[in-house]
């Protein structure tokens, strides 16, 4: 279970107005990949669900999804269970089901080109080599998909990139990455209320 322990659904839609956003955290399912750098999107979504008193977790859209009320908006938090490279096959059905535009979706993913813990919002653009984001762009047919990249540090010179992103964070990195997860969850709430430009100005300059 990506989200962890199930919680009461009593406050699931508290404060929501009917407007809906979809927040997608990218990662690979299964115990083998838990806690790896590539799964930072799952970690951010789990923290966000905890912050907003997530209700019942549903198995839907080839993943796990839960609804929360956030800043007066109804928000669905989705963790695809498709493995990273096929993330679009989970996101596209969710977007179609809720009749959303791509601009209503925020994708949270890792970025090994960013320093550890650095956040970067963008409203659109290429995948930058992030294969999960790339598959979402392909399936939605547009790169107009807001995204929050979370820096996982840069691979050492003697490391293969694929091995690096599937590695665990070192003990000396834990405090910084936990802070990045905490800040990312706060940033998601700001994105829901204020949008991408606001979040770019607030979070992109922070190291």
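Observations
Matching residues to (1) out of contact with any strand residue (DSSP E or B) (no Cβ under 6 Å at 6 or more places or on another chain); (2) in a helix (DSSP H, G or I); (3) over 20 Å from residue 205 (Cα atoms); (4) touching a residue at least 40 places away in the same chain (Cβ under 8 Å):
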position	(1), (2), (3), (4)
142	yes, no, yes, yes
148	no, no, no, yes
154	yes, no, no, yes
157	yes, no, yes, no
174	yes, yes, yes, no
177	yes, yes, no, yes
182	yes, yes, no, yes
185	yes, yes, no, yes
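- Residue match in segment 166-185 (condition: at pLDDT below 95, surrounded by fewer than 16 Cβ atoms within 10 Å (Cβ to Cβ) and either touching a helix residue (DSSP H, G or I) at 6+ places or on another chain (Cβ under 7 Å) or farther than 20 Å from residue 34 by Cβ (or both)): no
- Residues that are within 17 Å of residue 109 (Cα to Cα) and either touching a strand residue (DSSP E or B) at 6+ places or on another chain (Cβ under 8 Å) or assigned to a loop (DSSP other than H, G, I, E, B) (or both) within segment 162-172 comprise 165, 166, 167, 168, 169, listed in sequence order.
- Those strands (runs of 3 or more DSSP E) lying entirely in segment 1-76 with at least 1 residues in contact with a helix residue (DSSP H, G or I) (Cβ under 8 Å, 6 or more places away or on another chain), at pLDDT 95 or above and within 20 Å of residue 103 (Cα to Cα): 20-25, 63-70
- Verdict on residue 138 being over 15 Å from the mean Cα position of the chain (by Cα) and either at pLDDT 95 or above or assigned to a loop (DSSP other than H, G, I, E, B) (or both): yes
The values are calculated or read from the model by the stated rules, or taken from the named source; none is laboratory data. Being a predicted model, the structure only gives us computed values, none of them experimental. All Cβ positions, glycine included, derive from the backbone under ideal geometry; neighbour counts span all protein chains shown.
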